[in-house]
Every structure is written in C-alpha cells, then in structure tokens.
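*Asks:* Pasting a structure below so you can have a look.
The values are calculated or read from the model by the stated rules, or taken from the named source; none is laboratory data. These numbers were taken from a predicted model, which means no experiment stands behind them. All Cβ positions, glycine included, derive from the backbone under ideal geometry; neighbour counts span all protein chains shown.
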Amino acid sequence: MKTHRFKNFIPAALVGLIAMGSASAQFQAPTPAQSASTPTREAVKADLRAWKAAGLDDAWHTESTPNIEGPEYRAMYQHYIELSAKQIGGSAQQQPSRQPR
C-alpha cells in the first residue's frame, strides 16, 4: 500500500515542478535592449576631461565616499553636467542619467 502512494506521488511532483518552472519563467525580468550606438573613444575622453575639470575626480580619490547630497559636491556635479553638455553639443541623450536632488 505504501508503494502505491509513492508511485502516485512521483507524477504529481513532476507536474508540480513543471508548473513551477513555467510560472517562474513568466516573472523573469526582460534583458535591457542594447543601445543603438555606443560612445566613441573621443566621447569617453571628453567626458573624463569634464569629470576632472569639475573636480569630481579629486572628490572620489579619498578614503571615504564623498557626501553626494552636500552642496559642495552638488555644485561640482552641476558644473560637470554643464561641461559635458558643452562638449557633446548639448545632447540630452548622452548626458549622465543621475541628476542631483
């Protein structure tokens, strides 16, 4: 009698596992689409020059993380955004995505 229960359990368990697998596949996050273009080497160099000119390079060369909510850092970041916009012709598409609060 115990063998009969076990034999009935195996197909039920397999059906359950298959159902769980298909349900979890529905909830997987979609992979982000690749952007149509990647920045050129010159664009990356220009961005790095803007980062350094704004003083953000020095702000991050410390033992601790800078206070990114502080007025001094926010001013440097805003200056970086302005320099970046000038260097890339003001294209909003290539500006850094995080604006200070």
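*Asks:* Those residues that are assigned to a loop (DSSP other than H, G, I, E, B), over 20 Å from the mean Cα position of the chain (by Cα) and exposed (fewer than 13 other Cβ atoms within 10 Å of the Cβ), I need them from the stretch 41-68; list them, please.
*Replies:* Passing the criteria: His61, Thr62, Glu63, Ser64, Asn67.
*Asks:* Let me ask something else. Got at least one residue in the stretch 71-87 being exposed (fewer than 13 other Cβ atoms within 10 Å of the Cβ) and either among the hydrophobic types (A, V, I, L, M, F, W, C) or modelled with pLDDT under 65 (or both)?
*Replies:* No, the conditions are met nowhere in the stretch 71-87.
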